[in-house]
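The values are calculated or read from the model by the stated rules, or taken from the named source; none is laboratory data. Everything numeric in this text was worked out from a predicted model, so none of it was measured. All Cβ positions, glycine included, derive from the backbone under ideal geometry; neighbour counts span all protein chains shown.
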Amino acid sequence: MAQVTFDPYLKLEHLAGHADVTRAEKERLISKVMADRRFPDYLYGCYECGICVAVCPSARFYDFSPRRIAQAAARVDVDLMFQQMEEDIWECSQCFSCLRCPRGNNPGGIITIMREVAVEEGRRSAKTALEGYSRIIYKIMSTGTQVSPDMLQPDAFPDWGPEVKDVSENLSLWRRALPPETHHTTSTGWDVAESTILELYVIWLETGALEMIKEVDTGIHMILEEIMEERLEEEGIEI
Amino acid sequence: MSDAVGVILSKKQKFERTPDRRNHDFHEELFALEAAGELIVQRVSDDFVSVPTKYGLQKKIQRGHLWHHKSCGQCGHIPGYSTSIFWIMRKLGYDYDDPRDQTSCTAWNYYASATSNQAAQAAVALRNFAAAYETGYFPLIHCGTSYGHYKEVRSELLHQPELRAQVRKVLAKLNKEMVIPEEIVHYSEWLYAMKDEIASRSILDLSKIGVTVHPACHYYKLVEGDAIYDPDVYHGQRTAAVSGLVLSLGADLRSYSTFFDCCGFGFRHILVQRDFTRSFATLRKIEVMKEEADPDVVLTHDTGCVTALDKSQFATQAHERNVGIPVMSEAQFAALAMGAHPFKVCQLHWHSTNYRPLLEKMGIDWEAAWAEFQEDLKKLERGDQKYLTWADVGV
Ligand code: SF4
Ligand code: SF4
């Protein structure tokens, strides 16, 4: 009988795909995930019971499972975690239904951290997942509100019905027909004070959040960096 | 009836909490850090309502003098949502601040794209909290995701000195102090706390209006201990936010089996992978509600849920699925009950699924209301006035 020479609980390396990435590189990335301050609160081990799968909306529609995420992390299965980072994590809805885990785990939270590392490292999965998403990143980082009325364009949301066209055709008039004084904007959700936006720029720059998108979207990063530094310089704010 | 059955039935009639399951009260750490001079706790004023939470602790909900932490999705795409919250507050005579010194919590983007990090998210939250504190008004959070995310941030700050140090450095650059409010309060908690006052001002008979409620995941699943649970609503087994108000308004609250399911919003999915959102929102929520409860309206209490549940129905109708229930926030529904204008206040023309049969059943003449709104729009177009004002909507 052939002898088992590998840990039967780990994904076989040749089945985990991504042979082009060295084991050392995979270990570097996964150790970044595990070194996150939140990680110890997000994983206490895993019963492999599947309760999280039962409540997971993404598991219903994709070949995706929060149990696999927690299980791989609990077994410290580097090859499998790397595979998940490249193939699975962007399917999660971040609803946090899986917080009802009887072990106290937060599989959705583990995914948040894995995504952060994938973005920061400019991994292929992150680039693909964020294709078509740049304008949102630009909006939130530059204006302080994420979704704006002028995003409601029929060609962007053809599946939302004819009302989207009504809104976009009447946008500025309908915005003026809103009683709250802060709501008359079309390019931001509400009227954000200029000084507030500058404070937000300081936050993005000081915490390294802006730097995070450098690898994943160089163009947007350059534009945002220029806008922020220019505005802060004009106001004499040093970073 | 056997003893065993009696025991089971008595459990069903009145849910008793077991104290040992009670969540740890975060206030202990919060006040300890304040005593150590690490942060300032913005106190709830003396004018508050006490409400029950999941493990039996009471939560203080300040009545007036509130700082409205707005939601970008509500203000941007469902503006009748935020307008209704303000309108109810004005109608009941409570003062508030609608600040310009407020950013989005940025958590929609964070959960969608992860293009941010823990320290940045905490700094955004604390910048907003400090801005509220400086005005003297107490923060009231409109968005379910902001509410859940801020509670996560609070928990991380209370337990991680390194994070506090990092955020304190950023706040120093902004000349701001580290402030955490005594309670993080969602607007639906305020509506719940004020439900009797609101009901006493209702002018409509809603007893024939069938309502199903979708509870927002980020309201009651993230840091779940201080979400509202009331033994008198669903026997304390489901959050009482939204549903408690529906009951007080005398509407016909109906149950369905996928109550705990997510709406399918997905943060990134709603923007770049809507086939998922549409499938989940309609197959797991709207169709199930329709088959099991046949409601006249779906009420919910979060930006993303209104969007996912409302906007997903148009394309699904083309597949001849069993959908077609109007969706709005309970704030809009309560405002309608109190006599708010369906277009000038509740701004229902921004919604997708047909709400007109609902208005008719509620006894609201939507055709006349639409004509009135058109008259107002003409005034704005002619330049008679630049904006519709609160005076134009009677508050
Ligand atoms: S993460 Fe929790 S719920 Fe999911 S399989 Fe593991 S123990 Fe079970
Ligand atoms: S957070 Fe992600 S993994 Fe967890 S239940 Fe929601 S979709 Fe599933």
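Points to keep in mind about this one:
- Any hit, region A:153-168, residues being at pLDDT below 95, more than 8 Å from every other protein chain (Cβ to nearest Cβ) and more than 22 Å from residue B:310 (Cα to Cα): no
- Scan region B:144-169 for residues that are part of a helix (DSSP H, G or I) and either farther than 29 Å from residue B:216 by Cβ or of a type in the set (S, T, N, Q) (or both) and the total you get is 9.
- Boolean, residue B:188 is small (Gly, Ala, Ser), within 12 Å of chain A (Cβ to nearest Cβ) and either buried (at least 24 other Cβ atoms within 10 Å of the Cβ) or not in a loop (DSSP other than H, G, I, E, B) (or both): no
- Residues being within 14 Å of ligand 1 (Cβ to nearest atom), out of contact with any His (no Cβ under 9 Å at 6 or more places or on another chain) and in a helix (DSSP H, G or I) - total across region A:47-80: 14
- Flag for residue B:347 being in contact (Cβ under 8 Å) with a residue 60 or more places away in the chain and within 11 Å of chain A (Cβ to nearest Cβ): yes
- Among the residues of region B:229-270, the ones that are more than 16 Å from ligand 2 (Cβ to nearest atom) and more than 23 Å from residue B:295 (Cβ to Cβ) come to 1 in all.
- No other residue among B:213, B:223, B:242 is in contact with a helix residue (DSSP H, G or I) (Cβ under 7 Å, 6 or more places away or on another chain), modelled with pLDDT under 95 and crowded, with 18+ Cβ neighbours inside 10 Å apart from B:223.
- Options B:130, B:123: the member that is at the interface with another protein chain (Cβ under 7 Å from one of its Cβ atoms), modelled with pLDDT of 95 or more and over 25 Å from residue B:331 (Cα atoms): B:123
- No other residue among B:312, B:329 is more than 14 Å from every other protein chain (Cβ to nearest Cβ) and of a type in the set (Ser, Thr, Tyr) apart from B:329.
- With respect to being surrounded by 15 or more Cβ atoms within 10 Å (Cβ to Cβ), within 16 Å of ligand 2 (Cβ to nearest atom) and assigned to a helix (DSSP H, G or I), residue A:94 falls outside the description.
- Residue, farthest from the other protein chains (Cβ to nearest Cβ), within region A:109-133, restricted to residues that are in contact with a Leu (Cβ under 7 Å, 6 or more places away or on another chain) and within 18 Å of residue A:42 (Cα to Cα): A:110
- Helices (runs of 4 or more DSSP H) lying entirely in region A:152-239 (those with 2 or more residues that are among the hydroxyl-bearing types (Ser, Thr, Tyr)): A:194-206
- If you go through region A:21-61 and keep only what is within 16 Å of ligand 2 (Cβ to nearest atom), surrounded by fewer than 15 Cβ atoms within 10 Å (Cβ to Cβ) and within 14 Å of another protein chain (Cβ to nearest Cβ), you end up with just A:54.
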